[in-house]
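**Student:** First, the structure itself, so that you have it in front of you.
The values are calculated or read from the model by the stated rules, or taken from the named source; none is laboratory data. Treat the numbers as computed from the prediction; the structure is a model and nothing was measured. Because the Cβ atoms are built from the backbone with ideal geometry, glycine has one as well, and the counts that use them run over all protein chains shown.
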Amino acid sequence: MSKLVAVKVRGSIDANQKVKKTLQTLGLEKKNQARVMEDTDSNKGNMQQAKDYIAYGEVSDDFAEEIGEVGETVSLSPPSGGFKSTKRQYHQGGSLGNRDDMESLLKKMN
């Protein structure tokens with residue numbers, strides 16, 4: 001079974017209250033913080049709601065253990081080479097939203 005990892009990419013100063021509350025629920029208060037979560041519909045829904053401020057995706061259980069325990073928020077370094085774009089979704093050439101290669105982004109941030 002796989003785990004989900006979310007990383008806050010953008011600041012949430014101009015976000016609406018609903019998105020700010022969702023980011024608090026996810027435990028992502030500062031940029032470059034990551035959190036490992038169980039792969040549930042509830043977590044996926046929260047991540048989808050905050051997709052304009054976070055990058056998220058599935059990772060293997062072994063890789064998730066390297067980052068931290070489930071539910072633990074960890075601070076990471078900015079990725080080497082920087083983010084592609086913090087204003088575009090992943091499928092549009094940016095860094096935000098659901099990613100197929102979440103493990104490669106996290107390797108750049110360690």
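**Student:** I want to confirm something. Restricting to region 70-95 and keeping residues that are without any contact (Cβ under 8 Å) to a residue 40 or more places away in the chain and of a type in the set (S, T, Y), which single residue is surrounded by the fewest Cβ atoms within 10 Å (Cβ to Cβ)?
**Tutor:** S80
**Student:** I need every pair where a residue in region 7-22 that is on the phi > 0 side of the Ramachandran plot has its Cβ under 6 Å from the Cβ of a residue that is modelled with pLDDT under 95 and loosely packed, with under 11 Cβ neighbours inside 10 Å, sequence separation at least 6 or different chains.
**Tutor:** Between residues of region 7-22 that are on the phi > 0 side of the Ramachandran plot and residues that are modelled with pLDDT under 95 and loosely packed, with under 11 Cβ neighbours inside 10 Å, there is no close pair.
**Student:** Separate question: Taking A15 as the residue in question, decide whether it is farther than 17 Å from E72 by Cβ, out of contact with any Lys or Arg (no Cβ under 6 Å at 6 or more places or on another chain), of a type outside the set (K, R) and outside any helix (DSSP H, G or I).
**Tutor:** Here the answer is yes, as A15 does meet what is asked.
**Student:** Output the residues belonging to region 23-38 that are outside any loop (DSSP other than H, G, I, E, B) and in contact (Cβ under 8 Å) with a residue 12 or more places away in the chain.
**Tutor:** Within region 23-38, L23, T25, L26, Q33, A34, R35, V36, M37, E38 meet the criteria.
**Student:** For region 39-77, which residues satisfy the criterion of being over 16 Å from N98 (Cβ atoms), in a strand (DSSP E or B) and not hydroxyl-bearing (S, T, Y)?
**Tutor:** V74
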